[in-house]
1. Please sort by residue number the trypsin sites (Lys or Arg not before Pro) in region 1-77 whose DSSP state is loop and whose Cβ has at most 11 other Cβ atoms within 10 Å.
2. Run the numbers for residue 31 and residue 11: contour at 0.36 nm per residue of separation, minus the present Cα-Cα distance, in nm.
3. Order these by the 10 Å Cβ neighbour count, fewest first: 4, 85.
4. Lys/Arg Cβ at +1, Asp/Glu Cβ at -1, dipole of region 3-54 taken about the Cα centre: which of 29, 47, 9 is farthest positive-ward?
5. At 1.306 mPa s and 10 °C, plugging the Kirkwood radius over alpha-carbon pairs of region 1-57 into Stokes-Einstein gives what diffusion coefficient in µm²/s?
6. So if we plug the beta-carbon distance of residue 68 and residue 40 into 1/(1 + (r/R0)^6) with R0 = 41 Å, what FRET efficiency do we get, rounded to 0.05?
Amino acid sequence: MKQRPFIALWALAVAATVAAFVLHLAMRGKTVDLGYRLGRARAEQAHLREVKRVLSLEAASYETPQRVEVVARTLLGMTPPPAERVIVVRNFTASKDPDESGPSANEEPAGATQSRRDAGAPAPAEASP
């Protein structure tokens, strides 16, 4: 009869050891999986930093007037306007107050109507109040 408690305790100890070992293997597998995911995330982060660096350099190059002119001429097929299409605005000062900054979007600069008539373009339609 003394054998029964020993066998029960021994079986309980073996079951606890097996459970602990299975738990250890599960935790180890999860750790390895997280390590791989972390490695992929770091590689993606490095790639995205490189992309950001390249794009910031490209954006900086687009801000230069020379680059804007090259893109306008080659990709967009733009050319400088003829002299009769250029309207010179004199004594224009930019201000935050729209009343002080010069003509609004609906108004034309002084002499623009005359320049348009000289070029043969029709005058804009007057807006009714």
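We did not get these values from a lab; they are worked out from the coordinates using the rules stated. Treat the numbers as computed from the prediction; the structure is a model and nothing was measured. Heads up, the Cβs are rebuilt from the backbone with ideal geometry, glycines too, and the neighbour counts pull from every protein chain shown.
1. In loop regions of region 1-77 (DSSP not H, G, I, E or B), the sparsely surrounded trypsin sites (Lys or Arg not before Pro) are 2.
2. Residue separation times 0.36 nm, minus the Cα-Cα distance, leaves 4.2 nm.
3. Arranged by neighbour count, lowest to highest, 4, 85 become 4, 85.
4. 47
5. Result for D is 103 µm²/s.
6. Calculated value: 0.55.
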